[in-house]
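The values are calculated or read from the model by the stated rules, or taken from the named source; none is laboratory data. The structure displayed is predicted, hence computed values, not measured ones. Positions of Cβ are backbone-derived with ideal geometry, glycine not excepted, and every protein chain shown enters the neighbour counts. Only protein heavy atoms, including side chains, enter the accessible area calculation; ligands, DNA and RNA are left aside. Shrake-Rupley method; radii C 1.70, N 1.55, O 1.52, S 1.80 Å.
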Amino acid sequence: MTTLLTHAACLEHEMDPGHPERPDRLVAVLKHLEETGLQQELAMRDAPLADRTDLARIHTEAYLDALDRVAPEEGLIHVTPDTALGPRSLEAARAVAGAAVEGVRLVLQGKDRRVFCAVRPPGHHAEESAAMGFCFLNGNAVAALAALEDDAVDRVAVLDFDVHHGNGTVASFMDNPSVLVCSSFQHPHFPYRYFDVDRPNIVNTPLPAGTRGSEFRRALERDWLTALDAFKPQLILVSAGFDGHAHDPLGDFLLTEDDFAWVTGLITDAADRHAEGRIVSVLEGGYDLAALARCVAVHVEGLRADSSET
């Protein structure tokens with residue numbers, strides 16, 4: 001049975017009124033999973049909070065201290081114009097990283113092959129000493145280094161299909177050949193950083209506004225499959241952003257639920273070939289509530305469809 005990890009603090013992280021990265025995102029996802037019956041097919045677990053040791057694998061001590069120092073007891077503190085800390089924000093961000101690390105532990109211990117982390121805020125823009133783009137802590141980057149501490153793992157892939165480039169993850173691993181990072185994204189578009197990094201283990205797939213499913217699929221088959229089959233990861237982490245959907249207000253791709261089902265299948269097939277089926281997927285973007293909920297459902301269904309019971 002596929003595991004779903006979440007945490008109550010992820011529902012209590014607030015930013016400015018009307019902000020697209022709002023608690024309703026996760027409410028919509030969890031409600032839709034329940035209404036469709038998918039939740040009953042998942043092993044539901046509470047995510048632990050990542051501890052300082054986990055976070056310091058990626059983020060500097062000075063940055064972590066600064067977040068702790070400015071986190072408010074009430075109200076909001078803006079760390080960038082579009083990214084604010086509230087009273088539960090750091091707890092939520094630590095839950096995201098904790099879910100990713102716990103997911104890695106579960107799959108490496110053989111307790112499950114597939115884990116989906118229904119969490120927020122997103123994390124893939126967070127760099128070692130910088131919050132940006134609604135992100136504070138980079139959960140998948142933290143989890144990748146946690147995985148590499150296992151003696152049986154020396155190759156991890158992070159696959160990011162969010163409409164925004166995963167700059168923080170690329171920055172974390174562009175000089176670490178043990179981690180393959182593949183990121184497809186709208187270009188030019190936020191965050192305008194690290195999209196042109198040229199390293200053997202970094203696969204950037206920029207796509208123009210207006211990209212449709214057929215173009216998205218051809219690009220990932222061309223770039224991701226070649227890289228995955230050469231790298232042969234022993235674990236796949238997914239930065240699952242659904243803001244490439246045609247209805248999303250923050251991107252200009254024209255993808256549908258079928259395209260997200262397709263990319264999930266591409267990932268599960270690669271995991272079955274190289275990683276004993278092991279996948280930990282972490283929610284990133286997706287800001288149209290109805291589209292997000294539907295896309296997460298097809299993604300989770302794809303993860304569990306062939307996650308054989310062990």
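Under the condition of being touching a helix residue (DSSP H, G or I) at 6+ places or on another chain (Cβ under 8 Å) and open to solvent by less than 10 Å² (accessible area, probe 1.4 Å), which residue from the range 105-118 is nearest to residue 26 (Cα to Cα)? Result: 118.
Yes/no per residue for (1) among the hydrophobic types (A, V, I, L, M, F, W, C); (2) at pLDDT 95 or above:
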{"site": "1", "(1), (2)": "yes, no"}
{"site": "8", "(1), (2)": "yes, yes"}
{"site": "21", "(1), (2)": "no, yes"}
{"site": "48", "(1), (2)": "no, yes"}
{"site": "86", "(1), (2)": "no, yes"}
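Taking the conditions (1) crowded, with 21+ Cβ neighbours inside 10 Å; (2) out of contact with any strand residue (DSSP E or B) (no Cβ under 9 Å at 6 or more places or on another chain) in turn, residue 236 satisfies each one other than (2).
Quick grid of which residues meet (1) among the charged types (D, E, K, R); (2) farther than 30 Å from residue 111 by Cα; (3) within 15 Å of the chain's Cα centre (by Cα):
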residue: 208; (1), (2), (3): no, yes, no
residue: 262; (1), (2), (3): no, no, no
residue: 268; (1), (2), (3): no, no, no
residue: 276; (1), (2), (3): yes, no, no
residue: 283; (1), (2), (3): no, no, yes
residue: 297; (1), (2), (3): no, no, no
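Quick one: in the range 80-104, of everything that is open to solvent by 60 Å² or more (accessible area, probe 1.4 Å) and touching a residue at least 12 places away in the same chain (Cβ under 8 Å), which residue is nearest to residue 142 (Cα to Cα)?
Taking the range 80-104 as the starting set, the residues that turn out to be open to solvent by 60 Å² or more (accessible area, probe 1.4 Å) are 81, 87-88, 94.
Checking the rest, the ones that are also touching a residue at least 12 places away in the same chain (Cβ under 8 Å) come to 87-88, 94.
Working: 87: 23, 88: 20, 94: 11 Å.
Here the answer is 94.
Can you tell me which residue among 188, 177 is at pLDDT 95 or above and farther than 17 Å from residue 228 by Cα? Lay out the reasoning, then the answer.
Working: 177 fails: farther than 17 Å from residue 228 by Cα.
Exactly one residue qualifies, and that residue is 188.
Picking from residues in the range 45-72 that are closer than 25 Å to residue 299 by Cα and in contact with a Ser or Thr (Cβ under 9 Å, 6 or more places away or on another chain), the one that is least open to solvent (accessible area, probe 1.4 Å) is 47. Listed conditions (1) hydrophobic (A, V, I, L, M, F, W, C); (2) surrounded by 20 or more Cβ atoms within 10 Å (Cβ to Cβ); (3) under 16 Å from residue 156 (Cα atoms) are all met by residue 291, apart from (3). Taking the residues in the range 20-44 that are touching a residue at least 60 places away in the same chain (Cβ under 8 Å) and more than 18 Å from residue 116 (Cβ to Cβ) as candidates, determine which candidate is most open to solvent (accessible area, probe 1.4 Å). Applying the filter and picking the extreme gives 24.
From the list 48, 20, the one residue that fits, being in contact with a Pro (Cβ under 7 Å, 6 or more places away or on another chain) and not charged (D, E, K, R), is 20. The residue pairs whose first member lies in the range 139-153 and is assigned to a helix (DSSP H, G or I), whose second member is not hydrophobic (A, V, I, L, M, F, W, C), and whose beta carbons are closer than 6 Å, counting only pairs six or more residues apart or on different chains, are 139/123; 140/239; 141/169; 141/172; 142/54; 142/57; 145/57; 148/178. Residue 121 meets each of the listed conditions (1) in contact with a helix residue (DSSP H, G or I) (Cβ under 8 Å, 6 or more places away or on another chain); (2) open to solvent by 10 Å² or more (accessible area, probe 1.4 Å); (3) part of a loop (DSSP other than H, G, I, E, B) apart from (2). Looking only at residues in the range 259-274 that are closer than 18 Å to residue 231 by Cβ and small (Gly, Ala, Ser), which one is surrounded by the fewest Cβ atoms within 10 Å (Cβ to Cβ)? The selected residue is 270.
Residue 203 passes all but one of (1) open to solvent by less than 10 Å² (accessible area, probe 1.4 Å); (2) in contact with a Ser or Thr (Cβ under 8 Å, 6 or more places away or on another chain); (3) β-branched (Val, Ile, Thr); which number fails? Every listed condition holds for residue 203 apart from (1). Pairs are defined by a Cβ separation below 8 Å, a sequence spacing of at least 6 or placement on different chains, a first member in the range 108-137 that is closer than 25 Å to residue 23 by Cα and among the acidic types (Asp, Glu), and a second member that is open to solvent by less than 10 Å² (accessible area, probe 1.4 Å) and modelled with pLDDT of 95 or more; the pairs so defined are 127/138; 127/167; 127/168. Please determine, by comparing only the residues of the range 162-200 that are assigned to a helix (DSSP H, G or I) and of a type in the set (Gly, Ala, Ser), which one is least open to solvent (accessible area, probe 1.4 Å). This residue is 168. The strands (runs of 3 or more DSSP E) located wholly in the range 1-80 that include 2 or more residues which are of a type in the set (Val, Ile, Thr) occupy 3-6, 77-80.
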